[in-house]
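Bear in mind these aren't lab numbers, they're just calculated from the coordinates by the rules spelled out. Small disclaimer: the values here were computed from a predicted structure and weren't measured. Heads up, the Cβs are rebuilt from the backbone with ideal geometry, glycines too, and the neighbour counts pull from every protein chain shown.
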Amino acid sequence: MTSIPIRAFARGLDLLAALNRHGSATALMLARDTGIPRASVYRLLETLLAGGWIARSPSDDRFTLRLKLRTLSDGVEDEEWISAIAAPALFKLTTRIGWPSDLATREGTQMLVRESTHRIARFSIDRGMAGRLFPLVGSSVGEAWLAFAPAREREETLALLGSATPALRTRLSRIRRDGYALREPGPPWPHTGSVAVPLRQGKRLLGCINAIWMARAVNPAEGLRLCLPPLLAARDAMEAALD
């Protein structure tokens, strides 16, 4: 007896593989990547959502893999479920402070935004932040990562960047001492300021989360006063969930 492959099941696996490659993706991105018709992609995504295998970001309709997939394989990268765990805490944070927040993880010599609340923030002019890349030097999430990364990894990264200046080392030491990285308004983002803190699982640095405010409405001192305590509380809630 000749067995007949189940096409829908094979397509579902192709969709998961594509999502694993992207980290987070929209239905349109997945349809283009896999060649599966968009209508079929939507049906497959709804099935995977209902089964708890994937999650949908409420900020921009991107999909991410869920921790449940670890019951099948160890092939899911940590970053692909950090955003799903962190999303509720980020949205609670934005509801509290009104300003947007991002979760970013290191991608080579840049920081990749894995989750963002710009779309729902009352006070935000930016949209579509998920998937964007920030520089390690100059962004609050990047400098927070550099400051709190293991010393060897930090030195290797600084060597790759060619940025190991005395001024940067002094700034990173101050960030480690203070527990947060502050970015004041200026190039390349003159209209905003931000503060970022590290996100860990045990001793492992997973990424960084930030809060962003409009420079014309809030000065750096006021931004820290309004955003840093809620940001730290959100970070602690994420780390508790990860543990």
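How many times 2.2 N^0.38 Å is the alpha carbon radius of gyration of region 147-243?
On the way: Rg = 14.5 Å, N = 97, 2.2 N^0.38 = 12.5 Å.
So the Cα radius of gyration is 1.16 times the expected 2.2 N^0.38 Å.
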message: If I take every Cα pair under 8 Å that is 6 or more residues apart in region 114-189, average their sequence separation and divide by the length, what percent do I get for the relative contact order?
response: 26 percent
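Percent relative contact order of the chain, based on C-alpha pairs within less than 8 angstrom and at least six residues apart? Can you show the working numbers first?
Numbers: 390 pairs, mean separation 35.9, N = 243.
Dividing the mean separation by the residue count of the chain yields 15 percent.
Please work out whether region 7-71 counts as rounded, prolate or oblate from its C-alpha gyration tensor, where a ≥ b ≥ c are the square roots of the eigenvalues and a/c under 1.5 means rounded, while otherwise a/b larger than b/c means prolate and anything else oblate? Show your work: numbers first, answer last.
Values: a/c = 1.44, a/b = 1.14, b/c = 1.26.
Note, shape of region 7-71 comes out rounded.
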Trypsin sites (Lys or Arg not before Pro) restricted to region 156-243 and DSSP loop, no more than 13 other C-beta within 10 Å: K203, R216
query: Radius of gyration and Dmax for the chain's Cα atoms, expressed in Å?
result: 19.3, 74
task: Show the residues, 5+ positions off or on another chain, whose built amide H is closer than 5 Å to the amide H of L136.
output: M111
- line: Sorted by chain and number, the residues with a modelled amide H under 5 Å from that of E107, at a separation of 5 or more or across chains, are L112
message: Which of D60, D236, D14 has the fewest other C-beta atoms within 10 Å, and how do the rest follow up to the most?
response: D236, D14, D60
statement: Along region 48-63, Karplus-curve 3J(HN,Hα) (6.51, -1.76, 1.60; θ = phi - 60°) to the nearest Hz, with x for Gly and Pro, reads 5, 4, 4, x, x, 7, 10, 10, 10, 6, x, 7, 8, 6, 7, 10
message: Ignoring everything except DSSP H segments at least 4 long, calculate the 222 nm mean residue ellipticity for the chain; use -39,500 (n - 2.57) per segment, divide by total residues, nearest 500.
response: -15000 deg cm²/dmol
field: Derived scalar couplings ³J(HN,Hα) [region 216-225; Karplus, 6.51 cos²θ - 1.76 cosθ + 1.60; whole Hz; x for Gly, Pro]
entry: 6, 9, 9, 7, x, 5, 5, x, 5, 5
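Can you give the relative contact order of region 7-71 as a percent, counting alpha carbon pairs under 8 Å and 6+ residues apart? Walk me through the numbers on the way to the answer.
Values: 64 pairs, mean separation 20.5, N = 65.
The normalised contact order for region 7-71 reaches 31 percent.
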- prompt: Between R204 and R38, how many nm apart are label points set 7 Å from Cα along the C-beta direction?
  reply: 3.8 nm
Distance from region 1-54 to region 202-243 (C-alpha centre basis), Å: 34 Å
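Quick one: if the Förster radius is 25 Å, what FRET efficiency do D178 and A151 give, using the C-beta to C-beta distance and rounding to 0.05? Walk me through the numbers on the way to the answer.
On the way: r = 18 Å, r/R0 = 0.73.
Rounded to the nearest 0.05, the efficiency is 0.85.
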message: Using each residue's phi in region 19-31, evaluate 6.51 cos²θ - 1.76 cosθ + 1.60 at θ = phi - 60° and report the 3J(HN,Hα) Karplus result to the nearest Hz, with x for Gly and Pro.
response: 5, 5, 5, 7, x, 8, 7, 8, 4, 5, 4, 5, 5
